[in-house]
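Heads up: the structure comes next, in structure tokens.
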Amino acid sequence: MRFLAITLIVHAPDPITGRQPTTHERFNEVVENAVLAEQLGFDGFGVGERHERPFISSSPTVVLSHIAARTRAIRLFTAVTTLSLLDPVRAYEDYATLDHLSGGRLELIIGKGNGAAQRELFNVTPQDQWARNAESFEVFRQLWQDNQITYDTQFRPPLRDAEVWPLPYQRPIRIWHGSATSQESVDLAARYGDPLFSANVTNPVEPYAELIDYYRQRWLDYGHDPAQIAVGAGTAGYYSHRDSQVALETYRPVWEGNSAAQRRAGVPQVFTSYEDYVERSSALIGSPAQIIEKVHRYHEQFGHSVLHIHADAGGLTQEQHRDSLELFQSDIAPTLRREIPDPPWGWGSPAQDGSLDTVPTTTASHALATG
């Protein structure tokens, strides 16, 4: 199993102290958390993309480029790239550039994105968001294979023998499809033979497991090799201490503060109490042994080989956050790495072509099988 630390760059008051960092402080915190994740041995670091409050992750390519300059080996993920809102040509230019600046460490998780405010900002309707996402993905995917393209687009000016530069470093690149609640993103991933990343944050396990089961069925329907399926999954929170009671009581005020903020914002409460949240959500709160057991419980339903946890302290002190991440790497990750397989391609970059003078014809689906 492989492990990512992910941030959506929420910019909100601390759920316990009420202090809100400045924008400058928050970006610095994200970069330092990425450096820490590499130092501690995480396999990847992800930055989300949102275009509405309380997030300031509207420019993930810029943030990831800076992180690329501060790190050397950790893989860099988008979580997610909201292709339904973006011009796929511009997105390709940005990410092909980032791919070079990172030395081929980029992995994309794409999706339509959530939130009415950002949808309205980009004049995307609930009726056309899935069609936009699918079209943008197809244009983006084709450009990554061949930067000279003709395509009759519906949502941007059609492309006629268009050349788009630069050529990417990784050819092909691995593209994951982010999935939260809908079958459309799951079907798109299965159709192209791409890996799936389940959000697995808001609800109990059942709806996510149902979507992953649907993905596996559609994968077979499209004729792909079942041995090449890869699934990632998120978590709703993380804090570990060798004493399970200390872990539970340390994280309780974080949950209480976040729940109070959600109630003020009118967000429905899925879990009725802190105890219910610890038991039925995907949050990993407790001793290392308890967390290992819970990940295995989810693995039985998901069959996932990649797991993300929150990169941000999010109400914990920096000392508590770092101690907990260190404990994850010393007492949790080694056991899970031994007991749960990696993705079927191992880890690292997909197959790369060092020559920039030719354009490969290898497809994304083939990369999943051979990269």
- Show me 233-239, 254-260 ranked by packing, highest mean number of other Cβ atoms within 10 Å first. 233-239, 254-260
- Dipole magnitude of the chain, debye to nearest 20 (Cβ charges: Lys/Arg +1, Asp/Glu -1, about Cα centre): 280
- Amide H proximity to LEU307 below 5 Å, modelled H, separation 5+ or other chain, gives ARG2, PHE3, LEU4, ALA233
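Relative contact order for the stretch 51-155: what percent, with Cα pairs under 8 Å and sequence separation of 6 or more?
Contact order relative to length: 32 percent.
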- Sorted by chain and number, the residues with a modelled amide H under 5 Å from that of ILE9, at a separation of 5 or more or across chains, are GLY48
- Task: Please sort 50-56, 151-157 by packing, taking for each peptide the average over its residues of neighbouring beta carbons within 10 angstrom, highest first.
- Result: 50-56, 151-157
- Task: Normalising by the residue count of the chain, find the relative contact order in percent from Cα pairs under 8 Å and 6+ residues apart.
- Result: 20
- Message: Per-residue counts of other Cβ atoms within 10 Å, averaged by peptide: what ranking do you get for 223-229, 128-134, highest first?
- Response: 128-134, 223-229
- Query: Taking the Cα atoms of the chain, what is the range of coordinates along each of the three principal axes, in descending order and whole Å?
  - Reply: 62, 42, 38
- Separation between the ASN123 and ARG337 pseudo-spin-labels, each 7 Å from Cα along Cα→Cβ, expressed in nm? 5.0
- Charge dipole of the chain about the Cα centre (unit charges at C-beta), most positive-ward option of GLY48, VAL30, VAL278: VAL30
- Query: Once phi is turned into ³J(HN,Hα) by the Karplus curve 6.51 cos²θ - 1.76 cosθ + 1.60 with θ = phi - 60°, what whole-Hz value does each residue of the stretch 120-128 show in order, with x for glycine and proline?
  - Reply: 5, 4, 9, 6, 10, 9, x, 6, 10
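How much length, in nm to one decimal, is gained on full extension between ASN114 and GLU275, taken as 0.36 nm per residue of separation minus their Cα-Cα distance? Intermediate results must be reported in sequence, preceding the final value.
Numbers: separation 161, 0.36 × 161 = 57.96 nm, distance 2.78 nm.
Roughly 55.2 nm would be gained on extension.
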- Backbone HN-Hα couplings from phi across the stretch 194-201 [Karplus 6.51/-1.76/1.60, Hz, Gly and Pro as x]: 9, x, 10, 10, 7, 4, 6, 10
- Message: How much of the DSSP bridge set in the chain is antiparallel, in percent, rounded to the nearest 5?
- Response: 10
- Item | Given charges at beta-carbon only (K, R positive; D, E negative), |dipole| of the stretch 30-133 in Debye | 80
- Message: For the chain, what does the helix formula give at 222 nm: sum of -39500 (n - 2.57) over DSSP H segments with n ≥ 4, over the residue count, nearest 500 deg cm²/dmol?
- Response: -13500 deg cm²/dmol
- Show the residues, 5+ positions off or on another chain, whose built amide H is closer than 5 Å to the amide H of LEU167. none
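If each residue of separation counts as 0.36 nm, what is the full-extension length gain between VAL10 and GLN183 once their alpha-carbon separation is subtracted?
Gain on extension, VAL10 to GLN183, equals 59.6 nm.
Rule-based calculations on the coordinates, nothing more; no lab input. Keep in mind the model is a prediction, meaning the values are calculated, not measured. FYI the Cβ positions are ideal-geometry reconstructions off the backbone, even for glycines, and counts take in every protein chain you see.
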